[in-house]
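Worksheet: the structure to be examined is printed underneath.
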Amino acid sequence: MLYCSIKNKNSIRLKLLASMYKNKDGCWIWIGAKYGCGYGSIHIDNKIYGVHRLALYAFTDNLLDLEDN
């Protein structure tokens, strides 16, 4: 299991990339855990985050309030 901290964007990127692949059309497909509604979820620092929000935080300079998940 890859250790990941919410304070380390590089470790978040690695954890996200380990659970997705890019299809032939260039779309990123999540193959990791999902909420019951189908959205991707990921467990970091004993908390569950939505992948869509965490990816925005990890791959951009966008400062999200990750406590409001």
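Of all residues in the range 26-44, those satisfying the criterion of being more than 10 Å from the chain's Cα centre (by Cα) and either in a strand (DSSP E or B) or of a type in the set (S, T, N, Q) (or both) are Trp28, Ile29, Lys34. Tallying residues that are more than 14 Å from Val51 (Cα to Cα) and among the hydrophobic types (A, V, I, L, M, F, W, C) within the range 5-41 yields 1. Under the condition of being in a loop (DSSP other than H, G, I, E, B) and open to solvent by 40 Å² or more (accessible area, probe 1.4 Å), which residue from the range 6-25 is farthest from Asn62 (Cα to Cα)? Only one residue fits best here, namely Lys24.
Here Lys34 clears all of (1) open to solvent by less than 40 Å² (accessible area, probe 1.4 Å); (2) free of Cβ contacts under 8 Å to residues at least 60 places away in the same chain except the condition numbered (1).
Rundown of residues vs (1) at pLDDT below 90; (2) within 15 Å of Cys4 (Cβ to Cβ), yes/no style:
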| position | (1), (2) |
| --- | --- |
| Lys15 | no, yes |
| Lys24 | no, no |
| Ile29 | no, no |
| Gly32 | no, yes |
| Asn46 | yes, yes |
| Tyr57 | yes, yes |
| Asn69 | yes, no |
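The values are calculated or read from the model by the stated rules, or taken from the named source; none is laboratory data. Not measured: the values here are computed from a predicted model. With ideal geometry, Cβ positions are generated from the backbone for all residues, glycine too; neighbour counts draw on all protein chains shown. These accessible areas exclude ligands, DNA and RNA; they are computed on the full protein's heavy atoms, side chains included. Shrake-Rupley method; radii C 1.70, N 1.55, O 1.52, S 1.80 Å.
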